[in-house]
1. Using +1 at the C-beta of Lys and Arg and -1 at the C-beta of Asp and Glu, which of TRP42, TYR175, GLY160 has the Cα lying farthest in the positive direction of the dipole of the chain?
2. Expressed as a rounded percentage, what relative contact order does the chain have, with Cα pairs under 8 Å and six or more residues apart?
3. Dividing the Cα convex hull volume of the range 70-129 by residue count, how many Å³ per residue is that?
4. What does the helix-only formula give at 222 nm for the chain: each DSSP H stretch with n ≥ 4 adding -39500 (n - 2.57), the total divided by the residues, and the result rounded to the nearest 500 deg cm²/dmol?
5. Starting from the eigenvalues of the Cα gyration tensor, five times each then square-rooted, give me the equivalent ellipsoid semi-axes of the range 52-153, largest first, whole Å.
6. Loop-only check: which trypsin sites (Lys or Arg not before Pro) in the range 15-91 are DSSP coil with at most 16 other Cβ within 10 angstrom?
7. By how many nm would the segment from ASN13 to ARG150 grow when fully extended, if each residue of separation counts as 0.36 nm and the alpha-carbon distance is taken off?
8. Based on Cβ point charges of +1 for Lys and Arg and -1 for Asp and Glu, what charge dipole magnitude is obtained for the range 64-132 about its Cα centre, in debye rounded to the nearest 20?
Amino acid sequence: AQRGLGKTAEALNHFRRALELDKRNPAPRYGIMLVHLAARDWASLRDELDRAAREGADPDTVSYYRVLCEANLDEDPARILPSLQDEVRKQGAVPELMGALARTYFRLGLADLAIGWYERVIAAQGGNEEAFLGYLACCEELDGAAGSDRLHRAYADYLGRWGDNRAIRRDYVRYLDANGRWEEAADQVEILVGQTGLSSSDRQLALYRRT
């Protein structure tokens, strides 16, 4: 229940007490792993996997979580890619796993392969901001020089969901500026002015409105 409420420390304490009471029961160990997974605490999850493996946890479960940890802790992407691909074949369309595979492809300079996997994650989890940022990074890599409609939509869709990310909005303004979309750039600068109150943005807005 504590894990479901997002109370990480309380959930961990609960599972650890249960483990102390019955060390032969594997359920609390799996509960601890799930808490770390939900918190995206990859280093702690990796440490827990070592203990779980020593205590006879299911090897397939340990393997699955370990490859997620390696992908998200920025281990050598060329080394972990085969393991990730194997897990995707075994586990199927698990969003966390597909996101890890997309991230690994991107780190290998294969944005053309990564983007499709990010699209699958977004289709399954429309509120997954990390996947959307990965998709946006792929669009920038593949389409940035071309001023493509896909990149334009990616910026607009992202900011429609997470409008408080000023760094991405500034990137969007630069994209619009580079592609001569002056009115849209002015609209975005107006939003930035409202978010930051910076006078330099006021001058930039005036420039766009005169263009």
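1. Most positive-ward Cα: TRP42.
2. 8
3. Normalising the Cα hull of the range 70-129 by residue number yields 74 Å³.
4. Per the formula, -25000 deg cm²/dmol.
5. Semi-axis lengths for the range 52-153 are 28, 14, 10 Å.
6. Sparse-neighbourhood loop trypsin sites (Lys or Arg not before Pro): LYS23, ARG24, ARG40.
7. 44.7 nm
8. That gives the range 64-132 a dipole magnitude of about 200 debye.
Here, each number is a calculation from the coordinates, and none is a lab measurement. Just so we're clear, the structure is a prediction, and the values are computed from it rather than from any experiment. All Cβ positions, even for glycine, are placed from backbone atoms using ideal geometry, and neighbour counts span all protein chains on display.
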